[in-house]
Amino acid sequence: MEKVLMKGNEALAESAMRAGCRFFFGYPITPQTELAAYMSKNMPKVGGTYLQAESEVAAINMVYGASAAGARVMTSSSSPGISLKGEGISYMAGADLPGVIINVQRGGPGLGGIQPSQSDYFQATKATGHGDFQVVVYAPSTVQEMADIAYEAFDVADKYRTPVMILADGMLGQMMEPVALPQPKDPADLPEKPWACTGHGGKRPHNVANSLYLTADALEKLNVERFQRYEAIKAAEQRAESYLADDADIVLVAFGASARVARSAVNAARAEGIKAGLVRPITLWPFPEKALEATIASAKEYLVVEMNMGQMVEDVRLCIEGRRPVEFYGRCGGVIPTPAEVLEQIRAIQGRLNDAQEKEGE
Amino acid sequence: MSESESKVVFQRPHALLPVVTNYCPGCTHGIVNRLVAETLDELDVEGSAVGVAPVGCSVMAYDFFGCDMIEAAHGRAPAVATAVKRVHPDNVVFAYQGDGDLASIGMAETVHAATRGENITVIFINNAIYGMTGGQMAPTSLPNQVTQTSPYGRDVATAGFPVRVCELLSSLDGVAYLERVTVDSPKNVRKAKKAIKRAFQNQIDKKGYSLVEVVATCPTNWGMTPQEAFEWMRENMLPYYPLGVYKDVEADGFANAAEAAAARAAACPIAQKGRE
Amino acid sequence: MERELQILLAGFGGQGVLFAGKCIAYAGLMDGREVSWLPSYGPEMRGGTANCSVTLSDAPIGSPLVTAPNVLVALNQPSYDKFVDEVVPGGVIIADTSMIADLRLRDDVECFGVPATQIAEDNGLGKGGNMVLLGKLYEVTKFCDWDTLVEGLRHCIPASKAHLLDNNIKAIKLGMEA
C-alpha cells in the first residue's frame, strides 16, 4: 500500500473519517489544532459535519447527542480541554454511548504549557469524570499506529458501547512519519444501532438515552452490569508490544512518545551488553497485565519511563505486586527525556544488579 | 346513550405516555408537556421527533414523551439537540428546559445554538426558581424575591439582575422566532399552544432557531397555592417578563432567519458573499 | 547513503525550515526508509525561531527529537550558536553565511558555509535560501538519489504551487555547486 507522509494529528483525523466517522465537534487548542483543521477541510468533501463548538463542554455534549442519534462521532482536544470534557464523557459512559475522544496531551496542571506531556494518564485511566466508570484508552506511539488505532477505536466503541480515548501527545501529534492509511468504510455499511434515537417512526417503543437512575438499586444493578462488560474488555482488548523483553534483566515500561525514547535507550543498552527490554502498553485501560506478567520470570528489575511525575508506575507496581523493584524515571512540563538520560538510569540499575550479584558470590 | 352516539372530546395525546409524572400538584409543567405532545400529534411528527430533556424538574420528561428522548447534562440540551439535528436533519428535534438549565449553567450553549441558527425548537419554562433542588435563586428570580439562597430577597447589588431570555436572544441573527407566553388561563393556554405549534412548524419549514418562553409558576417552592401562585406571577413576573412576540422573521417579511440576517448585514460585503 | 541521518534544521519562522525538512523526509519515504519529521511548534513559530528534526534510518526510529544531530542545517546566527555544540563529532554543518556572520568552527565537525540567501536572491529565487542549503546538504551527504529527491520535492509542493518546482530544483542545483 502506498505510504504518505502525515502528521499524527492528521492521520488521526483521516483515519477516523475512513472508519466512517462523519461528525466532528471540537474547539481550538494547541497542540491538536491540525486535527480540527483537517476535519474542517475534509469533512465537507464527504458530506460530513465539522462544527466548531462554543466550548469543549459543548463539543463533548454534541458528541453525546450525535452518538445518541446513532452516528460515529469524534472530538479532539488537549489536556485543559479534556478536563472540560470530563462531564460529557461521564454522561456518555452512564448512557452507554460510544464515541472517540482524542487527547493530544500537553504539560499541566492548569494552563500548563504546550509542549508534549503524558501527565493525563491518571485522568484517562482512573477518573476521566465523576462516577464508577472506565473508558478504553489507547496510547499509540507512531503515526502509523495513530492511524490504525483511530480506525479501530470506533469498532471497539460500538462493540462495547463505551467511550474510547486515544491518548497521544504533542510530539506524536506534530510529527510526520510515513503512514499507510486503512480502507475507507461507507457509513451506510456500518452495523445498525437499534438503541439509537433516530425517531421511532411508530414502529417501536421510544428509545431513551439516559444516565439518570433515581432508585439506588437500579443504578447499582446497571453499574454492576457495566463492570461485567469491563471484565470482557479486560479479557479481550489488552494490547502491548514487547521488545527484547523475553530475556531482559531490566524491563522498561513506557507508552506513547516516551516508549520511543525508551526503545532507543534499550538499543543503546543492548549495544553495551546490558540485557534491557521494553514492554510498551498500547492499551492503558485495560492495562496490559498479561504482557507484563510474561516478563516476570526473567526480569530482575523494572524501569518505568514517563513524561510526567510518575503515574503509570502505580499500575506497573500493582501488576508486579512487590515481586521485583519498580523504578521510575520521568521528565515533565513538556520536557522530553533523551535516550541518553534513560540509558544512564539503565546503567545505574545494571550497576546495582552487578553489585548485588557480587555480594551474593562473596 | 348508545355506543354509536359516544364521541371522544378529550383524551391523552398519543405523544404523551400513559404514566404518572413526577410534577407537584399545581405545577405548570404538566400543561406545557401536554401542549408539546398535542403539537407532536397534530403535526404528525411523534415518529420522527427526538426530544432532549434537561436537568431540573422536567428531568424525567424522557419518561413522559412518547417520542425518542435523550437526557442531557445540566444546561447542555442545546448542544445535544444541535448534534441530533445535524445527524438527522429531517427529524424534528426539540429541547425542553427550565430557567436554571437554559439561562444559567447552559447560557453559553443556549446563545450559541441560537446564533448558529440551529433549526431546532426550544421550550423554555421560566418559573424564577430552581424547583428540583428545593427552591434556590434562579437566573430569572426577581429582584427582592425570597428563595432558599436569597433568604433576604434577591439583592441585585450582590446577586445581580434577572436575565430576560427572549430580549437577550432577540439580537441574534440565527433566531427565527421568539415568543413569551404563559398558561395561567384557558385563553393563555390556547395562545401558548399556538406559539409552541408555530415553533415546531418553523423547524419543519427550516426557518431557523425557535424558542417559546413560558412564564410559569412553582407553587411548592414559592409556598403558595396554585391560584395564589398565578396571582403572584401575574402581579410580579409579567411586568418584568412581558408576554408577546420578540422576534418573528416571517412576520418581518423574510423567508427564514438567514434571509433576515443577510438583510441586516446588507452593508457588509463579506457577509453578502455567495448570496447571489 | 546507508547510515542513520539525524538532521536538525533551524532558523527563523518563514525561512522555510520545516519545508526543507519535509523535502528530506519525503525523499526518505520514497526510498522506503524509516523517516520521522518533528517540528518545533507553538507561538515561537510565528516570527520567532523554528526548527525541525528529521531522521532517516533503516531501523525503526526511537525518539524523533534530534538531540545529537549528525547534520545541522543552520539558517541564522541564533540557531547556529544554539546548536553548533550539539553536533556529534564527525558530523556535518551546513550554514547560511549570508545570515551567519560569526561562524565559530569546530575541529571535529565539517562545516560548509554557503551564502544561501544571497545566492537565492541573486538568481531571482526569492526565499529559496532553504533550498540552496538543501542542495549543499544533498551534495555532501547524498542521502538519496537525484530522481528520488525531485520526486520527494514534487510531493511536498501543493498542486496550486506546482509552478514553483522548477525554481526549487534550480535552487538546489545552485546549492550543490556552491
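The values are calculated or read from the model by the stated rules, or taken from the named source; none is laboratory data. Remember, predicted model here, so these are calculated numbers, not experimental data. Using ideal geometry, Cβ is built from the backbone for each residue, glycine included, and neighbour counts are taken over all protein chains shown.
Cβ contacts < 6 Å: first residue more than 9 Å from chain A (Cβ to nearest Cβ), restricted to region B:79-101; second residue of a type in the set (Phe, Trp, Tyr) and not in a loop (DSSP other than H, G, I, E, B), any location; separation 6+ or different chain. Result?
Pairs that qualify, where the first residue is more than 9 Å from chain A (Cβ to nearest Cβ) and the partner is of a type in the set (Phe, Trp, Tyr) and not in a loop (DSSP other than H, G, I, E, B), are B:GLN97/B:PHE124; B:GLY100/B:TYR130.
Looking at (1) more than 21 Å from C:CYS52 (Cβ to Cβ); (2) touching an Asp or Glu at 6+ places or on another chain (Cβ under 8 Å); (3) at pLDDT 95 or above, which is the only condition C:ARG104 fails?
Looking at each condition in turn, C:ARG104 falls short on (3).
Given the conditions (1) under 30 Å from C:CYS52 (Cα atoms); (2) within 11 Å of another protein chain (Cβ to nearest Cβ); (3) in contact with a Phe, Trp or Tyr (Cβ under 7 Å, 6 or more places away or on another chain), which single one is not true for A:SER77?
(2)
Out of all the residues in region C:135-154, which are aliphatic (A, V, I, L, M) and touching a Cys at 6+ places or on another chain (Cβ under 6 Å)?
The answer is C:LEU153, and nothing else.
Just a yes or no: is a residue in region A:183-190 touching a strand residue (DSSP E or B) at 6+ places or on another chain (Cβ under 7 Å), away from chain B (no Cβ under 14 Å) and not in a strand (DSSP E or B)?
First, the residues of region A:183-190 that are touching a strand residue (DSSP E or B) at 6+ places or on another chain (Cβ under 7 Å): none.
Checking region A:183-190: not a single residue is touching a strand residue (DSSP E or B) at 6+ places or on another chain (Cβ under 7 Å), away from chain B (no Cβ under 14 Å) and not in a strand (DSSP E or B).
Restricting the search to region A:198-226, which residues are under 17 Å from B:VAL93 (Cα atoms) and out of contact with any Cys (no Cβ under 9 Å at 6 or more places or on another chain)?
Selection gives A:THR198, A:GLY201, A:GLY202, A:ASN210.
Which residues, taken from region B:54-65, are at the interface with chain A (Cβ under 8 Å from one of its Cβ atoms) and crowded, with 24+ Cβ neighbours inside 10 Å?
Selection gives B:TYR62, B:PHE65.
Select from region A:194-223 the residues that are basic (Lys, Arg) and either in a loop (DSSP other than H, G, I, E, B) or within 11 Å of chain B (Cβ to nearest Cβ) (or both) and list them in ascending order. Before you say what the answer is, go through the steps one by one.
So the first thing to find is which residues in region A:194-223 are basic (Lys, Arg), and the list is A:203-204, A:221.
If the condition is that a residue be basic (Lys, Arg) and either in a loop (DSSP other than H, G, I, E, B) or within 11 Å of chain B (Cβ to nearest Cβ) (or both), then A:LYS203, A:ARG204 are the ones that fit.
Report every pair of residues separated by at least 6 positions or lying on different chains whose Cβ atoms are under 9 Å apart, first residue within region C:9-33 and more than 18 Å from C:LYS142 (Cβ to Cβ) and more than 10 Å from chain A (Cβ to nearest Cβ), second buried (at least 23 other Cβ atoms within 10 Å of the Cβ) and charged (D, E, K, R).
Here the result reads C:GLY11/C:ASP96; C:GLN15/C:ASP96, each pair linking region C:9-33 to a residue that is buried (at least 23 other Cβ atoms within 10 Å of the Cβ) and charged (D, E, K, R).
How many of the residues in region A:17-63 are in contact (Cβ under 8 Å) with a residue 60 or more places away in the chain, crowded, with 24+ Cβ neighbours inside 10 Å and within 13 Å of chain B (Cβ to nearest Cβ)?
Summing the residues that are in contact (Cβ under 8 Å) with a residue 60 or more places away in the chain, crowded, with 24+ Cβ neighbours inside 10 Å and within 13 Å of chain B (Cβ to nearest Cβ) in region A:17-63 gives 1.
Working only within region B:22-50, note down all residues that are assigned to a loop (DSSP other than H, G, I, E, B), surrounded by 18 or more Cβ atoms within 10 Å (Cβ to Cβ) and of a type in the set (S, T, N, Q).
The one that is assigned to a loop (DSSP other than H, G, I, E, B), surrounded by 18 or more Cβ atoms within 10 Å (Cβ to Cβ) and of a type in the set (S, T, N, Q): B:THR28.
So for region B:74-81 (the condition being under 14 Å from A:ASN210 (Cβ atoms) and either of a type in the set (Lys, Arg) or modelled with pLDDT under 95 (or both)), does at least one residue qualify?
yes
Yes or no: A:ASN308 of a type outside the set (Asp, Glu), within 14 Å of chain C (Cβ to nearest Cβ) and either assigned to a loop (DSSP other than H, G, I, E, B) or on the phi < 0 side of the Ramachandran plot (or both)?
no
Based on this model, can you work out whether A:ASP158 counts as of a type outside the set (Gly, Ala, Ser), away from chain B (no Cβ under 14 Å) and farther than 25 Å from A:PRO116 by Cβ?
In short, yes.
Residues of region A:1-51 being in a strand (DSSP E or B), under 19 Å from A:ASN103 (Cβ atoms) and touching a Lys or Arg at 6+ places or on another chain (Cβ under 7 Å), which ones?
A:PHE23
Go through region B:222-245 and give me each residue that's without any contact (Cβ under 8 Å) to a residue 40 or more places away in the chain, at negative phi and not in a helix (DSSP H, G or I).
B:MET224
For region B:111-127, check the following and say yes or no: at least one residue is crowded, with 20+ Cβ neighbours inside 10 Å, within 14 Å of chain A (Cβ to nearest Cβ), in a helix (DSSP H, G or I) and in contact (Cβ under 8 Å) with a residue 40 or more places away in the chain.
yes
Conditions first: (1) crowded, with 18+ Cβ neighbours inside 10 Å; (2) at positive phi. A:GLY202 passes all but one, so which condition is the exception?
(1)
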